[in-house]
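The block underneath contains the structure these notes are about, expressed in structure tokens.
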Amino acid sequence: MHTPRPISSEGLLPASIANPEADLIRAAQAGDSDAFETLVRSYDRGVLRIAMNLLRSQEDAADVYQETFVKVYKNLHSFRFDCSFQSWLYRIVTNCCLDMLRKRKVRREEATTVDTEDGLWNRAELLPEDRSHGDPQRLLRNKQLQAKIRETLGLLTDKERMVFELRHFQGMRLRTIGEVLGTSEEAAKTCLFRATQKMRNALGDFL
Amino acid sequence: MNLEQARKKLPFLLFDELDFEEENEVSRLLAEHAELREELERLRVMLRVVEASAAEPPPGLLSQCRTRLHATLRDDSVGAQYSEPGRRSWWQAWFANGFAWQTAGALAMAAFSFLAGRWTVDRHMHSVSPSEMLVAMDSDSSDRSPWTPRIRSIRNNPDGTVQVEIEEVKQRLVIGSPDDREVRAVLLNAAQNTLDPGLRVGTIDLLQAQMDRPDVRDVLLHVVRKDGNPSVRLKALEGLVRYSDESSVREALRDVLLRDQNPTVRMEAVNLLIQEQGRPEVIGLLQEVMLQEENHNVRERCMNVLTDLNATMATF
């Protein structure tokens, strides 16, 4: 008996079925605002997360979100499917973040709090606590570790932070990250290596 | 590859960015050298702790951003983009190019396809041919509601046909009073199951007007215990304030106080529990908390309450 096996959709089905996102993009390019909204909702959580992690400020992240999608809206007609829509979008958001970092000289990695509408949030407090032992030394060590991580992230260059964010948190391949940042895969690889090494060296005592 | 070179490749091994040969070589060296394995483990731990410190957008921020973007895009200055060449809406393009009978014919065919699709396509897609599927997709594309099909799997069938499993996500509007049965059912579901914590917080806010309903309280109790986001749990606790004398609520507060990972949520649970200070079990519970609580602020709060109640700090 022949067992059905999963196969790639590429080459088997018409493009309109195989790539529904492309249809959505074309619809948005043709002026369909519903399609545009669906596109936004497919990606905006990731965009906001990148901005939050790179800028560490709710206000700045919200501004970057806004700027990014307005740029997408204005320039979607120039998207020619040369790369994936995600790469194109992430290129815009990372550029907006870089501009924001340059413009406002945002360096808030050291802060333990994030400003929100509900007041200041201490990220360290939101981290799960290890309550299994109640060992004060261990607690102290965990707090020191969190502080050290924030300090270490502050040591990375903007590009290293971006590569690390896109690879580690967004799960993008280095080749795609290269596309997003307008650089080569090899350069992205070097950035990732440097970022990891810096963190490894800084956090060495805790690991 | 020597040991030092392999060490430099370890981050890429963890990030799955090595090619086949490199991965084989590093794996071989890992099997041979314990110190390399230790270093790999250290890197793995490091990435895990760094991940735990990632900044998540606070609840509500995404919704705010979406609302602001929506408002901006409706603004004339930005929305004018749509009137630019290449960004015209379908009707603008249609009229700009002049009404053509060919277009009318195409529309008539699309309408025919729509009807044919509606009549013939099995919505569960069990035995649909590719052409019928196209008709179905075209028909849905002509629908004005947003529609996002996702292909979950594609298989070759023994008879030579191809089976495509498509997941359709369609938006629809449910409009009504929050205490309308259907709307409430949607809200109760959204409070527990939507991915956006901001949306869950907003939903719980709406549900708070119906806290006299046991099904609403049950959902909030579930959220208090199970939701992964501390802000959502806090919002649910806020809804339960007036019901802190109910046994099911007190049971949930006890669970929160002893098990919740977030000190702010635990602190709020203390605040709700001590609204009923006359209850003897409060003292016992706070004493139990004192035995295990690691957060200074929560401990201090419990200590103060126990002192006010002339109770000892611990059971003997």
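The values are calculated or read from the model by the stated rules, or taken from the named source; none is laboratory data. These numbers come from a predicted model, not from an experiment. All Cβ positions, glycine included, derive from the backbone under ideal geometry; neighbour counts span all protein chains shown.
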- Message: Taking the condition of being away from every other protein chain (no Cβ under 14 Å) and not aromatic (Phe, Trp, Tyr), how many residues in the range A:74-91 meet it?
- Response: 6
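Which residue out of A:Ala124, A:Ala62 is closer than 22 Å to B:Ala54 by Cβ, among the small types (Gly, Ala, Ser), at pLDDT 50 or above and out of contact with any Pro (no Cβ under 6 Å at 6 or more places or on another chain)? Give the derivation first.
Working: A:Ala124 fails: at pLDDT 50 or above.
Going through A:Ala124, A:Ala62 in turn, just one is closer than 22 Å to B:Ala54 by Cβ, among the small types (Gly, Ala, Ser), at pLDDT 50 or above and out of contact with any Pro (no Cβ under 6 Å at 6 or more places or on another chain): A:Ala62.
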- Can you work out which of the residues in the range B:1-12 that are surrounded by fewer than 18 Cβ atoms within 10 Å (Cβ to Cβ) and among the hydrophobic types (A, V, I, L, M, F, W, C) is modelled with the lowest pLDDT? B:Met1
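One line per residue, one yes/no per condition, for (1) under 19 Å from B:Val249 (Cα atoms); (2) assigned by TED's automatic domain parsing to the domain that holds B:Ala252; (3) at pLDDT below 85; (4) touching a Cys at 6+ places or on another chain (Cβ under 6 Å):
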residue	(1), (2), (3), (4)
B:Val265	yes, yes, no, no
B:Ala269	yes, yes, no, no
B:Gly278	yes, yes, yes, no
B:His296	no, yes, yes, no
B:Met303	no, yes, no, no
- Query: Assuming B:Asn310 fulfils every condition listed in (1) over 22 Å from B:Ser231 (Cα atoms); (2) at pLDDT 85 or above apart from one, which condition is it?
  - Reply: (2)
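Against the condition in the same structural domain as B:Leu258 (by TED's automatic domain parsing) and either assigned to a helix (DSSP H, G or I) or farther than 23 Å from B:Arg254 by Cβ (or both), how does B:Gly228 come out, does it pass? Don't jump to the end; show me each part of the working.
Working: in the same structural domain as B:Leu258 (by TED's automatic domain parsing): yes; either assigned to a helix (DSSP H, G or I) or farther than 23 Å from B:Arg254 by Cβ (or both): no.
Considered against the rule, which asks whether it is in the same structural domain as B:Leu258 (by TED's automatic domain parsing) and either assigned to a helix (DSSP H, G or I) or farther than 23 Å from B:Arg254 by Cβ (or both), B:Gly228 comes out as no.
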- Can you name the number of the only condition in (1) at the interface with chain B (Cβ under 9 Å from one of its Cβ atoms); (2) modelled with pLDDT of 70 or more; (3) within 18 Å of the chain's Cα centre (by Cα) that A:Lys159 fails? (1)
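Kindly indicate whether any position in the range B:254-261 is crowded, with 19+ Cβ neighbours inside 10 Å, assigned to a helix (DSSP H, G or I), assigned by TED's automatic domain parsing to the domain that holds B:Ser231 and not polar (S, T, N, Q). Please lay out each step first, then the result.
To start, the set of residues in the range B:254-261 that are crowded, with 19+ Cβ neighbours inside 10 Å comprises B:256-257, B:260.
Checking which are assigned to a helix (DSSP H, G or I) leaves us with B:256-257.
Then drop every residue that is not assigned by TED's automatic domain parsing to the domain that holds B:Ser231, which leaves B:256-257.
Right, trim to not polar (S, T, N, Q) and you get B:256-257.
There is at least one residue in the range B:254-261 that is crowded, with 19+ Cβ neighbours inside 10 Å, assigned to a helix (DSSP H, G or I), assigned by TED's automatic domain parsing to the domain that holds B:Ser231 and not polar (S, T, N, Q).
Based on this model, can you work out whether B:Ser177 counts as in a loop (DSSP other than H, G, I, E, B), at pLDDT 75 or above and either in contact with a helix residue (DSSP H, G or I) (Cβ under 9 Å, 6 or more places away or on another chain) or surrounded by 17 or more Cβ atoms within 10 Å (Cβ to Cβ) (or both)?
Details: in a loop (DSSP other than H, G, I, E, B): yes; at pLDDT 75 or above: yes; either in contact with a helix residue (DSSP H, G or I) (Cβ under 9 Å, 6 or more places away or on another chain) or surrounded by 17 or more Cβ atoms within 10 Å (Cβ to Cβ) (or both): yes.
Answer is yes for this residue.
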- Note on the structure: Given (1) within 14 Å of chain A (Cβ to nearest Cβ); (2) surrounded by fewer than 22 Cβ atoms within 10 Å (Cβ to Cβ); (3) touching a helix residue (DSSP H, G or I) at 6+ places or on another chain (Cβ under 7 Å), B:Glu268 misses just (2)
- Message: Condition first: more than 9 Å from chain A (Cβ to nearest Cβ) and buried (at least 16 other Cβ atoms within 10 Å of the Cβ). Now tell me which residues in the range B:26-49 satisfy that.
- Response: B:Val26, B:Leu29, B:Leu30, B:Leu36, B:Leu40
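Conditions tested, residue by residue: (1) over 22 Å from B:Ala71 (Cα atoms); (2) without any contact (Cβ under 8 Å) to a residue 24 or more places away in the chain.
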residue	(1), (2)
A:Asn53	yes, no
A:Gln58	no, no
A:Glu67	no, no
A:Tyr73	no, no
A:His77	no, no
A:Asp82	yes, yes
A:Phe85	yes, no
A:Trp88	yes, yes
A:Ile92	no, no
- Message: Go through the range A:18-58 and report how many residues are facing chain B (nearest Cβ under 9 Å), surrounded by fewer than 23 Cβ atoms within 10 Å (Cβ to Cβ) and under 10 Å from the mean Cα position of the chain (by Cα).
- Response: 2
- Message: Of everything in the range A:64-95, what is on the phi < 0 side of the Ramachandran plot and not in a helix (DSSP H, G or I)? Give them in sequence order.
- Response: A:Phe79, A:Arg80, A:Asp82, A:Cys83, A:Ser84
- For B:Ala52, all conditions in the list (1) buried (at least 19 other Cβ atoms within 10 Å of the Cβ); (2) at the interface with another protein chain (Cβ under 7 Å from one of its Cβ atoms); (3) at pLDDT below 80 hold save one; what is the number of the exception? (1)
